[in-house]
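Step one of this worksheet: look at the structure below.
The values are calculated or read from the model by the stated rules, or taken from the named source; none is laboratory data. Only a predicted model underlies this, so the values are computations on that prediction, with no experimental measurement involved. Here the Cβ positions follow ideal geometry from the backbone for every residue, glycine too, while neighbour counts run over all protein chains shown.
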Amino acid sequence: MSDELFVVTVTYSPGPHLDRFLASLAHATERSVTVIMADNGSTDGAPEEALDRYPNVRLLRTGGNLGYGTAVNRAVAEYGLSSGDEFFVVANPDVQWGPRSIDLLLEAAARWPRAGSLGPLIRDPDGSVYPSARHVPSIIRGGMHAVVGPVWPSNPWTAIYRQEREDPSERPVGWLSGSCLLLRAAAFSEVAGFDERYFMYMEDVDLGDRLGNAGWQNVYVPSAEVLHHKGHSTGRDPARNLAAHHVSTYTFLADRYPKWWQAPLRWAFRGALGVRSRLVVRKSLRERGKGGR
């Protein structure tokens with residue numbers, strides 16, 4: 001295994017989060033790290049400032065706001081990260097690294113030779129544990145979570161899907177949050193990376209599912225911890241992003257039920273998600289309007 005480790009982050013006017021990301025990275029691993037900023041059109045100057053302050057940072061301009069998965073794929077292709085059996089990290093720029101978090105993921109990778117992806121325990125800013133290790137959505141689990149979750153947050157389908165009632169333990173899961181992943185290059189290459197149809201949301205669910213179908217494992221490693229300051233980019237236009245989430249959810253579910261005789265199921269998905277999307281977007285717009293008064 002090479003001593004150099006590449007860390008890919010997708011930037012889109014990340015603000016002060018990026019400096020926290022880069023400064024705390026020194027505590028995450030003893031290995032030599034090169035950070036690739038796949039920039040989707042930042043206008044705040046943060047990526048350029050990072051270039052001046054951190055000698056191990058590289059800037060790759062993608063040419064526009066291509067979305068998360070596509071930007072990662074561009075960086076992987078540009079730097080040849082998908083060859084061999086080495087590892088690389090993909091993480092959001094609003095992640096703050098915990099002590100030895102990357103080294104602990106690498107140590108876990110040695111224990112799980114079929115791990116295609118490994119993810120840490122993720123804490124929200126208030127210190128609570130974010131349910132980042134979940135089952136792959138099914139008709140019942142994922143469908144009921146998607147449809148009734150907004151109006152009945154404590155419903156049993158959401159709890160099962162999110163694995164909220166399980167104690168943190170190192171184990172294979174259906175998929176891991178794409179906000180912080182250690183990826184095995186050979187596995188990422190085998191499944192052709194992120195599906196670029198997903199502009200935002202569900203690209204990590206899709207990747208985990210395809211890795212699992214290809215015989216790889218997605219391994220949750222709670223001994224490694226990071227803090228995730230969520231919403232630095234999605235919070236700019238919450239209504240638009242909530243709508244995008246539902247489009248991505250439909251794309252994922254429709255892909256899993258593609259046969260002609262499953263068309264009524266796809267229509268049901270589209271109808272239910274459309275209703276849910278309108279409800280949550282309307283609620284978001286109302287709350288945003290109240291906040292502006």
**Prompt:** What are the residues in region 199-226 that are crowded, with 22+ Cβ neighbours inside 10 Å and under 14 Å from R114 (Cα atoms), if any?
**Reply:** G208, L211, W216, N218, V219, Y220
**Request:** For region 21-37, name all the residues that are in contact with a Gly (Cβ under 9 Å, 6 or more places away or on another chain) and in a helix (DSSP H, G or I).
**Result:** S24, H27
**Item:** Hits in region 179-198 - residues which are more than 20 Å from R114 (Cβ to Cβ) and not hydrophobic (A, V, I, L, M, F, W, C)
**Value:** S179, D195, E196, R197, Y198
**Request:** With a cut-off of at least 1 residues that are in contact (Cβ under 8 Å) with a residue 24 or more places away in the chain and within 20 Å of L211 (Cα to Cα), name the strands (runs of 3 or more DSSP E) lying wholly within region 38-136.
**Result:** 87-91, 115-123
**Request:** Could you tell me whether region 94-102 includes any residue that is crowded, with 21+ Cβ neighbours inside 10 Å, under 23 Å from F194 (Cα atoms), of a type in the set (D, E, K, R) and assigned by TED's automatic domain parsing to the domain that holds P125?
**Result:** yes
**Message:** Being at pLDDT 95 or above and not in a strand (DSSP E or B) is the filter here; which residues of region 1-20 pass it?
**Reply:** Y12, S13, P14, G15, P16, H17, L18, D19, R20
